[in-house]
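These notes concern the structure reproduced below.
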Amino acid sequence: MTNSSNILRLKELKEKNNAIILAHYYVEPEIQEIADFLGDSLALAQQAKETDADVILFCGVKFMAETAKILNPQKIVLMPDVSTGCSLADLSPASDLKEWKNSFENPFLVSYINCSAEVKAISDVICTSSNAEKILKSIPKDKTILFATDRYLGSYIKEKLGIEMKVWKDYCVVHQNFSEEHLLKLIENNADAEVVAHPECSDNLLKYADFVGSTTGIINYTKENSSNKFIVLTELGILHQLQKLSPHKEFLMVNNIEGECNICKDMKKNTIEGMILALENLSPQIIIDEDLRKKALIPLELMLKLSE
Ligand code: SF4
């Protein structure tokens, strides 16, 4: 099928199923252009809660679609490919985190939204890179604050807020893998550029950043800032929106340590063909055990309330 027939077919299927397409900034540009709503994890969770569609086709990674299902048990939540993982969700089993949580007195577990439904279910509140500071500031002072899953986001916020907090050990395989050598070369050759970074980047990279923020934060910062050149430390997919919203500015992407463009392979498993098949067959669907869903809903709803 040609690209235009694919788009036409998707439109027909969306209408037939009363479906909405939600997509993350890291998916391929052609999907970003088709999506009804594009955003970071916080915005996607908020949008998933607000939609009146019967079907949500989620183009991102599995924990994001699970979040949509936790918030919308009555809706069908589909993905083009359910094998889309995320190292932060996959490296952190709930059993390990439960044991860690139980080893502290009066614990309060703040979990990054990049985690499994099982981890959400044992958490006290969820946060994203957009709202982590706000959420952490709201925690009662008598609690032992624990932060999972991303160690770099946790350490960055801990230092920024100057709070006492225990941080779990996992990481994003993509953001940890940027080449410091390539970053330094870009800084040296582009003295007029500002460095913008996602807080999942390792601390040896974050120390060079003029601005640290979520994908939405980076997009807004580069749009509003007077600088015309930016060195960008986050996944390649963001480039499409950066260039679209600031067409006259220059964006230099930092390579990974293998000297290649730094991409999240799981995000790229989302394809237009997969989207069509998912809407044709109403499969594969995200299914979550109801007891687990109810437990995972509590910290997610608290996050949404605290983010208002
Ligand atoms: S970029 Fe990292 S945090 Fe984001 S989905 Fe991919 S592996 Fe997970």
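Some notes on this structure:
- Here Ser130 qualifies as surrounded by fewer than 23 Cβ atoms within 10 Å (Cβ to Cβ), assigned by TED's automatic domain parsing to the domain that holds Ser111 and within 20 Å of Tyr26 (Cα to Cα).
- Any hit, region 70-80, residues being in contact with a helix residue (DSSP H, G or I) (Cβ under 7 Å, 6 or more places away or on another chain) and under 24 Å from Ile139 (Cα atoms): yes
- First in region 83-106 and touching a residue at least 24 places away in the same chain (Cβ under 8 Å), second anywhere and away from the ligand (no atom under 16 Å from the Cβ) and among the polar types (S, T, N, Q), Cβ under 7 Å, 6 or more apart: Phe104/Thr144; Glu105/Thr144; Asn106/Thr144
- Scanning region 167-198 for residues that are assigned to a strand (DSSP E or B) and within 15 Å of the ligand (Cβ to nearest atom) yields Asp170, Phe178, Ala197.
- For region 267-283, the criterion of being at pLDDT 95 or above, within 30 Å of Leu136 (Cβ to Cβ) and not in a helix (DSSP H, G or I) is satisfied by no residue at all.
- Lone qualifier among Glu273, Glu280, Glu235, Glu290 - being surrounded by fewer than 17 Cβ atoms within 10 Å (Cβ to Cβ) and either within 24 Å of Ala117 (Cα to Cα) or outside the structural domain of Leu10 (by TED's automatic domain parsing) (or both): Glu290
- Subset of region 225-240 (residues that are within 14 Å of the ligand (Cβ to nearest atom) and either assigned to a loop (DSSP other than H, G, I, E, B) or of a type in the set (D, E, K, R) (or both)): Thr234, Glu235, Leu236, Gly237
- Top-ranked residue of region 146-166 - restricted to ones that are outside any helix (DSSP H, G or I) and more than 16 Å from the ligand (Cβ to nearest atom), ranked as surrounded by the most Cβ atoms within 10 Å (Cβ to Cβ): Leu146
- Here is the figure for region 285-300: residues that are in contact (Cβ under 8 Å) with a residue 24 or more places away in the chain and out of contact with any helix residue (DSSP H, G or I) (no Cβ under 7 Å at 6 or more places or on another chain) total 3.
- You will find that of Ile263, Ile298, the residue that is farther than 19 Å from Ile31 by Cβ, hydrophobic (A, V, I, L, M, F, W, C), modelled with pLDDT of 95 or more and surrounded by fewer than 17 Cβ atoms within 10 Å (Cβ to Cβ) is Ile298 and no other.
- Count of region 39-62 residues which are out of contact with any Leu (no Cβ under 8 Å at 6 or more places or on another chain), at pLDDT 95 or above, within 16 Å of the ligand (Cβ to nearest atom) and not β-branched (Val, Ile, Thr): 1
The values are calculated or read from the model by the stated rules, or taken from the named source; none is laboratory data. As the structure is a computational prediction, the values presented were derived from the model and not from experiment. No Cβ is skipped: glycine too gets one built from the backbone with ideal geometry, and neighbour counts run over all protein chains shown.
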